[in-house]
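For reference, the structure discussed in these notes is given below.
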Amino acid sequence: MGIANDWSIAWGIAEAAHKAGAKLIFTYPNASVEKRVRALAEKLADGGTPIPVYPCDVQADSQLITLNSVLEADGHQLDFIVHAIAFANKDELKGGISQTSREGFNLAMDVSCYSLLAVMKYLKPRLTQSASILTLTYEGSIKVVPNYNVMGVAKAALEAAVRYLAAEFGPQGIRVNAISAGPINTLAARGISDFTNMLKHHEATAPMRRLTTKEDVAGAALYLLSSLGSGTTGEVLNVDTGAHILGPTPAGM
Ligand code: NAD
Ligand code: IMJ
C-alpha cells in the first residue's frame, strides 16, 4: 500500500520483494494513481502470474472492508503488509505548527497514523501465522525538522501505534515494525520548501556521506518482512546512512 510511481519507497520494496520470490498484491487510493500502479504491476508480472491490483483509500472503512472481502473471495492470505502512506495539506507543511487547522490535523493523523490501525483491524482475518507488518516513518517524529510540522506529530503517533500493535499482535506471532528512512526524493518530498538543501545537508554530514536510497530501505524491509526478522517487533529501525546518531556539530568539525 503506497505505490504512486517508480520513485515511491513502496515500489523499491516491491521490486526487492519480487526479486526475493514474494507474490505481491498492490493497492491504490484513487483513479489518478490507479493507472500508474497497474503499469508498475505489469512491469513485475513479466509475462508470468499477474499482480492483483485492488482499490483501497485508507480513509474509507468501507474500502478496507471490501478489500478484505475481495482478498478472501480471490483466495489470498497475506504473509506481510507494507503500509507506506502519509498525507497532510501542503499549506500546513510550511510556517508555524501553531497555525495547523483542526481539519488539517485530523486529516494528517487519519491518513498517516489511524490508517495503520484500520489496516490491522480490517485485514486481520487475512494475515497468516507469523505475518509481518511494516510502516514507514521519519526522524521528524522525534526531532524538530523545519516544515515537517503536523506530519511530525502524526509520525510520533504512528511510531507509538507500532508499539501498541506489536504488543497486541505479538501473542499470535504477528510482528509490527517501522523503518525510519532518511530523506528520499519522492512525490511526498516534491515541492517541500528547502528539500534540495535538506538532501545536500544529509549527503554532506551523514556518517556515510551519501543519501539514503530506496534500495537501502528495501534491504531493511526484506529483513523485517521475512523470517530473517523473526524476533523483531515493535521496532523503529533507522535506515538513514547514519544521520540519526549525530548531535550538534559546529561547521567545519
Ligand atoms: P509517495 O508519494 O510515493 O508515497 C505516498 C503514498 O501515500 C502514495 O502512493 C499515495 O497514493 C499514498 N496515499 C496518500 N493518501 C492515501 C490514502 N488516503 N489511501 C491510500 N494511499 C494514500 O512517497 P514516499 O516517500 O514513498 O512515501 C511513503 C512513506 O514513506 C510515507 O509514509 C512517508 O512519510 C515515508 N517516508 C518518506 C521519506 C522521504 O524522504 N521520501 C522519508 C521517511 C519516510
Ligand atoms: C515533508 C515535509 C516537510 C519536510 C520534509 C518532508 N522532509 C522530508 C519530507 C525533510 C524528508 C518527506 N517525508 C518524510 C514525508 O513524510 C512527507 C509527507 C507528505 C508530503 C506531502 C507533499 C504533498 C502534499 N502533502 C504531503 N503530505 C505528506 O500535498
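For this structure, a couple of remarks:
- Restricting the range 1-58 to trypsin sites (Lys or Arg not before Pro) that sit in a DSSP loop and have at most 14 other Cβ atoms within 10 Å of their own Cβ leaves 23.
- Equivalent ellipsoid semi-axes - Cα gyration tensor, the range 115-253, angstrom: 30, 16, 13
- Listed values for the range 125-141 are Karplus-derived 3J(HN,Hα) couplings in whole Hz (6.51 cos²θ - 1.76 cosθ + 1.60, θ = phi - 60°), namely x, 8, 7, 7, 4, 6, 5, 10, 10, 10, 10, 10, 9, 9, 3, x, 6, and x replaces Gly and Pro.
- Overall Cα dimensions of the range 33-77, principal axis frame, Å, largest first: 33, 25, 11
- Solvent accessible area, Å² - residue 217, 1.4 Å probe, full protein context: 0
- Each label point was placed 7 Å from the Cα along the Cα-to-Cβ direction; for residue 246 and residue 102 their separation is 4.1 nm.
- Loop-located trypsin sites (Lys or Arg not before Pro) in the range 155-204, at most 16 other Cβ atoms within 10 Å (DSSP): 190
- Taking the chain as a Gaussian network of alpha-carbon nodes connected by springs under 10 Å, the highest mean-square fluctuation of the residues 27, 66, 49 belongs to 49.
- Computed extension gain for residue 192 through residue 46, at 0.36 nm per residue and net of the alpha carbon distance, reaches 49.0 nm.
- Within the accessible area of the chain (1.4 Å probe), percent carbon and sulfur: 56
- In the calculated pair-distance distribution of the chain, the portion above 24 angstrom amounts to 47 percent of the Cα-Cα pairs.
- Checked against a 18 Å cut-off, the cross-linked pairs 35/155; 19/214; 19/43; 23/214; 121/214 give Cα-Cα distances beyond that limit for 35/155; 23/214; 121/214.
- Rg/Rh ratio calculated on Cα atoms of the range 90-157 (Kirkwood radius): 1.08
- Residue 56 - accessible surface, heavy atoms, 1.4 Å probe, Å² rounded to 10: 10
- Database remark: amide H of residue 180 closer than 5 angstrom to the amide H of 137, 237, 238, 239 (H placed geometrically; neighbours at sequence offset of 5 or more, or on other chains; Pro and chain starts carry no H).
- The range 197-253, Cα convex hull volume normalised per residue, Å³: 100
- For residue 208, the solvent-accessible surface computed with a 1.4 Å probe is close to 110 Å², ligands and nucleic acids excluded.
- Choice from 89, 149, 30 with maximal GNM fluctuation in the chain (Cα, 10 Å cutoff): 30
- In terms of overall dimensions, the C-alpha atoms belonging to the range 1-150 reach 51, 31, 29 Å along their principal axes, ordered largest to smallest.
- Within a Gaussian network of the chain (alpha carbon springs, distance under 10 Å), most fluctuating of 132, 226, 62: 62
- Axial C-alpha extent at least 27 Å, average Kyte-Doolittle at least -0.5 - helices from the chain (DSSP): 149-169
The values are calculated or read from the model by the stated rules, or taken from the named source; none is laboratory data. In this text, all values refer to a predicted model and were calculated from it rather than measured experimentally. So basically every Cβ, Gly included, is an ideal-geometry build from the backbone, and we count neighbours across all protein chains shown. Please note that ligands, DNA and RNA were not included when accessible areas were found on the heavy atoms of the full protein model with its side chains. Shrake-Rupley method; radii C 1.70, N 1.55, O 1.52, S 1.80 Å.
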